[in-house]
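Everything on this sheet refers to the single structure shown next.
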Amino acid sequence: MDMTKQRPAQRHSAGFTLIELLVVVAIIGVLSSIAYPSYVDHVRRTRRVAAEGCLSALAQQLERFYTTNMTYVGFAGAPNCDPKITSDFYNIPAPTLTARAYTVTAAPKGPQAGDSCGTLTLDQAGTKSPSTAGCW
């Protein structure tokens with residue numbers, strides 16, 4: 001064998017081919033199209049739970065007032081909630097009061113308006129609406 005012949009140098013490529021880059025971009029696109037809607041739904045449910053907590057806290061204030069005064073009429077409290085929830089995502093008006101009954105509501109607004117549960121209500125008997133599974 002003739003050892004004087006040299007082999008041509010092998011070329012080593014540095015970097016990615018266009019095909020490899022397109023495959024990675026496609027995979028990222030598919031993953032994000034699945035993950036983003038799930039993330040948005042989770043954020044919406046988290047805000048709804050915060051509004052439910054607001055309504056429950058307001059209901060407790062009403063019950064304390066009733067225990068002291070034997071009527072709901074005259075209650076002038078406000079929900080002790082995260083101001084971000086009440087200013088940006090839910091409208092929580094003053095409760096509807098009678099001597100022996102109340103109804104508190106939280107109506108979604110802004111980015112929360114697309115919530116499938118809609119307006120949340122709670123009354124003195126503990127009745128929550130909507131009664132759809134997952135809303136309360």
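Each reported figure results from applying straightforward, stated rules to the coordinates on display, with no laboratory input. Everything numeric in this text was worked out from a predicted model, so none of it was measured. Glycine also receives a Cβ, built like all others from the backbone with ideal geometry; neighbour counts cover every protein chain displayed.
Figures for the structure shown
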quantity	calculated
Residue match in the stretch 76-84 (condition: buried (at least 19 other Cβ atoms within 10 Å of the Cβ) and closer than 28 Å to PRO37 by Cβ)	yes
Answer residue from the stretch 32-80, given it is among the hydrophobic types (A, V, I, L, M, F, W, C) and over 21 Å from the mean Cα position of the chain (by Cα) and is nearest to TYR90 (Cα to Cα) among those	ALA78
Pairs, first outside any strand (DSSP E or B) in the stretch 84-96, second crowded, with 17+ Cβ neighbours inside 10 Å and among the charged types (D, E, K, R), C-beta under 8 Å, six or more apart	ILE85/ARG47; PHE89/ARG47
Qualifying residue in the stretch 53-74 (condition: in contact (Cβ under 8 Å) with a residue 24 or more places away in the chain, of a type in the set (Lys, Arg), out of contact with any Phe, Trp or Tyr (no Cβ under 6 Å at 6 or more places or on another chain) and within 15 Å of GLN124 (Cα to Cα))	no
Residue in the stretch 104-118 that is over 16 Å from ALA50 (Cα atoms), surrounded by fewer than 17 Cβ atoms within 10 Å (Cβ to Cβ) and among the aliphatic types (A, V, I, L, M) present	no
